[in-house]
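To start, the structure under review is shown below, and the notes come after it.
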Amino acid sequence: MTAGGKKILFCGCAHNGILNVLETLERNFGSDFFPDLVIGGFHLMKRTEFSEVDTAEVTEIANRLKSYKAHFATCHCTGLPVFNQMKEIMGEQLSYVRSGDEVLIE
């Protein structure tokens, strides 16, 4: 989808991993099609405490996402603890959206 000349990827809940979604998009459509904005859940929420391995995986995902020029807006299935960890790494490149929020595309 495009809006205001910006390319947008809505990925819902990325059950297979947000990195897999982005790599598949790039492989199938090329880097010229890569979105300016990615909206979707990262499917990283857990019902139990995060282990050191889990925390390291989240750090790796955040660092890989940070290497893209896109802005990422994530939601419920990412979970707030994971969002907060990723936000420390990604800064303004990451935002959280909730049901009813409005996403402005400039």
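Read the figures in this text as sums done on the coordinates, not as results from a lab. Since we're looking at a predicted model, the values are computed, not measured. Here Cβ is always computed from backbone atoms with ideal geometry, including for glycine, and neighbour counts include all displayed protein chains.
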| Tabulated pairs, the stretch 6-20, first farther than 14 Å from D36 by Cβ, second in a helix (DSSP H, G or I) and not β-branched (V, I, T), C-beta under 6 angstrom, 6+ apart or interchain | C13/C77; L19/R64
| field | Selected residue (criterion: farthest from K46 (Cα to Cα)) from residues of the stretch 76-106 that are in contact (Cβ under 8 Å) with a residue 24 or more places away in the chain and touching a helix residue (DSSP H, G or I) at 6+ places or on another chain (Cβ under 7 Å) | value | Q93
| Which of the residues that make up the stretch 56-78 are surrounded by 14 or more Cβ atoms within 10 Å (Cβ to Cβ), farther than 22 Å from E102 by Cβ and not charged (D, E, K, R)? | V58, T59, I61, A62, L65, Y68
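Being farther than 20 Å from G4 by Cα and in contact (Cβ under 8 Å) with a residue 40 or more places away in the chain, is that true of even one residue in the stretch 23-41?
Within the stretch 23-41 (the criterion being farther than 20 Å from G4 by Cα and in contact (Cβ under 8 Å) with a residue 40 or more places away in the chain), the answer is no, since none of the residues qualifies.
Select from the stretch 79-106 the residues that are surrounded by 15 or more Cβ atoms within 10 Å (Cβ to Cβ) and either β-branched (V, I, T) or under 10 Å from the mean Cα position of the chain (by Cα) (or both) and list them in ascending order.
If we filter the stretch 79-106 for residues that are surrounded by 15 or more Cβ atoms within 10 Å (Cβ to Cβ), which is where we start, we get 79, 81-83, 85-87, 89-90, 93-97.
Scanning the stretch 79-106 gives V82, F83, M86, I89, Q93, L94, S95, Y96, V97.
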| query | Quick one: how many residues across the stretch 28-51 are loosely packed, with under 14 Cβ neighbours inside 10 Å and within 18 Å of the chain's Cα centre (by Cα)? | reply | 3
